[in-house]
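In what follows, a structure is listed as structure tokens, so that the remarks can point back to it.
The values are calculated or read from the model by the stated rules, or taken from the named source; none is laboratory data. The structure presented is a predicted model; accordingly, all values stated were derived computationally and were not measured. Counting neighbours? That spans all protein chains shown, and the Cβs are built from the backbone with ideal geometry, glycine included.
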Amino acid sequence: MLLLRDGIPWQILAGDKTAAAIVTRLEETMQLSPLEGPRRRSSIITGNRSGCRKLTSGDVEVFVPSIDELTLREISVQLLQPIFQDVQERGGLFIHAALAERDGVGVILPGSSGVGKTTVSNRFPFPWKSLCDDETRVAPDTRGRYWAHPWPTWYNFGLTESKETWNVNHAVPLMGIFSDEVS
């Protein structure tokens, strides 16, 4: 179950046997666990079609070609895209940024590829904690506060045997965005 602080839980489901392996890997990488209660569903179905179909319930079905035609990374992006769009429509943000936590609050460090987000994330001194080094999801709660969620570094997903995981359901209240870029 993917539970962002915007209050809408999503369950990621497999529509067939091939999709089950993909969903299992996503669950491990994103540290997802089952939750009870109402939720929207995003189902992945492998085969010879591609695209997404939104159901009247708000659930979505994501159709992807066979695993031979797409990498796990590409499939994960397609599967999660409807969820991202849903969050964005409710005021959420997707930021190419590292996320650090200190004393229960979050600070985002945005930057282009190659500027040192990972290097900085690996060097945070105690009591700082690096939650992710590449991508952060920001979602507003029902009271208008913004919460930052760590997000996986997708270029590792399916490309290596990396066992790195990210707890995407762990959110910290966003207290700042630090950037060294001057506009």
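Quick notes
- Against the test of being outside the structural domain of N169 (by TED's automatic domain parsing), under 19 Å from D134 (Cβ atoms), assigned to a helix (DSSP H, G or I) and among the aliphatic types (A, V, I, L, M), the options V23, V77 yield a single qualifying residue, V77.
- Selection status of Q88, touching a strand residue (DSSP E or B) at 6+ places or on another chain (Cβ under 9 Å), among the polar types (S, T, N, Q), modelled with pLDDT of 85 or more and under 26 Å from L13 (Cβ atoms): yes
- Any hit, segment 57-66, residues being in contact (Cβ under 8 Å) with a residue 24 or more places away in the chain and among the acidic types (D, E): yes
- Qualifying residue in segment 26-34 (condition: buried (at least 18 other Cβ atoms within 10 Å of the Cβ), closer than 24 Å to K163 by Cβ, modelled with pLDDT of 80 or more and of a type in the set (G, A, S)): no
For (1) free of Cβ contacts under 8 Å to residues at least 40 places away in the same chain; (2) out of contact with any Lys or Arg (no Cβ under 9 Å at 6 or more places or on another chain), each residue gets a yes or a no:
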residue: L79; (1), (2): no, yes
residue: P82; (1), (2): no, no
residue: Q85; (1), (2): yes, yes
residue: A100; (1), (2): yes, no
residue: K129; (1), (2): yes, no
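- Taken as a whole, segment 60-68 holds no residue that is of a type in the set (S, T, N, Q) and closer than 22 Å to D141 by Cα.
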